[in-house]
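Visitor: Below is the structure I would like to discuss, written out as structure tokens.
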Amino acid sequence: MIVVIFLAVAAVFIALGIIFLSGKGADLIAGYNTASPEEKAGIDEKKLLKAMAVFMFVLAGCFIISALSEILNFKLLIWIGQAMFVVSLIIGLIYMNTRNRFK
């Protein structure tokens with residue numbers, strides 16, 4: 001049962017990654033969708049969407065690793081996948097919110 005949940009979450013992240021990679025879905029990004037038109041004009045939307053797409057694919061990969069733990073009956077993988085998820089989340093958020101990368 002947990003495999004289905006992990007794969008469903010991974011599918012959502014993959015779908016979001018595809019949407020962002022296609023250049024659409026900027027309104028799904030928290031902070032960007034509430035920014036004023038002046039603030040949005042100063043942001044390179046294409047770079048932001050590409051970075052978000054990569055971020056979504058990395059997070060999906062973490063959940064796929066966690067799902068493999070049940071499929072292969074190797075319980076250590078669930079902890080590895082979830083630890084990778086937390087580390088990826090922290091690194092991704094720091095990367096996207098520092099040094100004005102998308103201006």
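What follows draws every value from the coordinates through simple rules; no lab data is involved. Values in this document were obtained by computation on a predicted structure and should not be read as measured data. Reconstructed Cβ throughout: ideal geometry from the backbone, glycine too, with neighbour counts over all protein chains shown.
Visitor: So which of 43, 90, 94, 64 is β-branched (Val, Ile, Thr), more than 17 Å from residue 13 (Cα to Cα) and part of a helix (DSSP H, G or I)?
Guide: So the residue among 43, 90, 94, 64 that is β-branched (Val, Ile, Thr), more than 17 Å from residue 13 (Cα to Cα) and part of a helix (DSSP H, G or I) is 94.
Visitor: Next question, about the same structure. Does residue 71 satisfy the condition of being farther than 21 Å from residue 103 by Cβ and surrounded by fewer than 18 Cβ atoms within 10 Å (Cβ to Cβ)?
Guide: Criteria met by residue 71.
Visitor: Is there any pair linking a residue in region 70-98 that is within 17 Å of residue 7 (Cα to Cα) to one that is surrounded by 13 or more Cβ atoms within 10 Å (Cβ to Cβ) and of a type in the set (A, V, I, L, M, F, W, C), with Cβ under 6 Å and at least six apart or on different chains, and which?
Guide: That search, which allows pairs on different chains as well, returns 70/3; 77/65; 77/68; 81/62; 81/65; 84/62; 85/62.
Visitor: Restricting to region 29-69, count the residues that are among the polar types (S, T, N, Q) and in contact (Cβ under 8 Å) with a residue 12 or more places away in the chain.
Guide: Of the residues in region 29-69, 2 are among the polar types (S, T, N, Q) and in contact (Cβ under 8 Å) with a residue 12 or more places away in the chain.
Visitor: Further, regarding this structure: All but one of (1) without any contact (Cβ under 8 Å) to a residue 24 or more places away in the chain; (2) farther than 23 Å from residue 103 by Cα; (3) aliphatic (A, V, I, L, M); (4) surrounded by 12 or more Cβ atoms within 10 Å (Cβ to Cβ) hold for residue 26; which doesn't?
Guide: (2)
Visitor: Kindly indicate whether residue 16 is touching a residue at least 24 places away in the same chain (Cβ under 8 Å), surrounded by 11 or more Cβ atoms within 10 Å (Cβ to Cβ), under 22 Å from residue 61 (Cα atoms) and not basic (Lys, Arg).
Guide: Yes.
Visitor: Look through region 29-61, keep the residues that are β-branched (Val, Ile, Thr) and under 12 Å from the mean Cα position of the chain (by Cα), and return whichever of them is surrounded by the most Cβ atoms within 10 Å (Cβ to Cβ).
Guide: 29
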